[in-house]
Amino acid sequence: MSAVEEHVTEDVNADLGFGAVVARESRRRLLNRDGSFNVHRDGLRFWESLSAYHYFLTMSWTKFLGWIIGAYIIVNAIFAAVYVLLGSAALHGGKHDFASAFFFSIHTLATIGYGNVSPVTFAANVVVAVESLVGLIGFAIVYGFVFARFARPTACIRFSEKAVIAPYKDGRAFMFRIVNQRESQIVNLEATVLLSRRKKGGVTRVDREFVPLKLERESVVFFPLAWTIVHPVDAESPLKHWTAEDLMDCDAEFLILLNGFDETFSQTVHTRSSYAASEVVWGARFRSMFNPPEEDGTITVDIRKLHEIEQVPIPAG
């Protein structure tokens, strides 16, 4: 048995699904700020691991549109080259050059058909038939992806860039702030926060533990504006008597999971993120995001102030 496998954690559910080896041996943060994991899988062949549907559904809109434009140009260029290779007698009208063949391909692929250029030979008509079929199938696939991307329920919740250790009642607390970036309403929003850190005095130097943090409130029924999530550092808190240096030495990371019900999609949505020890500011608090009430009493928040903090003294732990 290897040294990595010698120690078995007492609670088999304590690793949250990362696995004992990953929890102990990883030197990087487990969860990135965008919610992606720093654990990768190897050993699968390319076609076994390829999921085009997932890839095109989850990429950014900029990259998605870039793929569509690139594929559109490449496909038309390929068919244009074929038309040129068929010879000058293949197409009637226009010049026998790549540019004319390229725009004829666009008219055929998109079923525009202006009629100024038309296929003449049998081979050219076969290529037109194939290209028309490619266009029908291709556009159907693109329409499906566009619809799926718009219809897919996702939470668009922005996290504050930093978490803080701030004064709280007669002591202090770990806090971070979130806001809903969309006009859609999320109800019954629940928060789960766990502290991941290397154990002090563990069996091995790299033992990691995952400790749930008790929150001031674990859920809100309505989430129209902003929510500051608070973990009071009391006698039962795993952060009791800990300092910024302790968190850095233990490679601490605060893992966050949010679940809520989106009224627009009528479905449950979730998002996740994390704060590394270096992203926690000690002796600071968040500035108010609320603007002065308007004349009719309307309350507004300034989303640009989500990340603003100010230094304040905090009681000793």
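No value in this document is a laboratory result; all are computed from the given coordinates. Predicted model, so just to flag it, every value in this text is computed and none were measured. Virtual Cβ from ideal backbone geometry, glycine too; neighbours counted across all protein chains shown.
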Cβ density ranking, 10 Å radius, fewest first, applied to THR58, THR271, THR111 yields THR111, THR58, THR271
The range 54-151 -> Rg/Rh from Cα coords, Kirkwood Rh, value 1.06
Ranked from fewest to most other Cβ atoms within 10 Å of their own Cβ, PHE174, PHE102 fall in the order PHE102, PHE174
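Two decimals is fine: what's Rg over Rh for the range 174-274, C-alpha atoms, Kirkwood radius as Rh?
Reported Rg/Rh, Kirkwood definition of Rh: 1.06.
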Final fewest-first order of ARG152, ARG158 on the 10 Å Cβ neighbour count is ARG152, ARG158
Cα-only Rg/Rh for the range 272-317 with Kirkwood Rh rounds to 1.12
Simple SL model, points at 7 angstrom along Cα→Cβ for ALA244 and LYS214; separation in nm is 2.8
For the range 234-317, shape from the Cα gyration tensor axes a ≥ b ≥ c, cut at a/c of 1.5 then a/b versus b/c, turns out oblate
Extend 7 Å from the Cα of ASN116 along its Cα-to-C-beta direction; within the range 68-97, residues with backbone N under 18 Å of that point are 80, 91-97
Note: LEU85 to SER36 extended length (0.36 nm per residue) minus current alpha-carbon separation gives 12.9 nm
Taking every C-alpha to C-alpha distance in the range 103-226 and binning by 5 Å from 0, the per-bin percentages run 2, 8, 10, 11, 9, 8, 7, 6, 6, 6, 6, 6, 6, 5, 3, 1, 1, 0
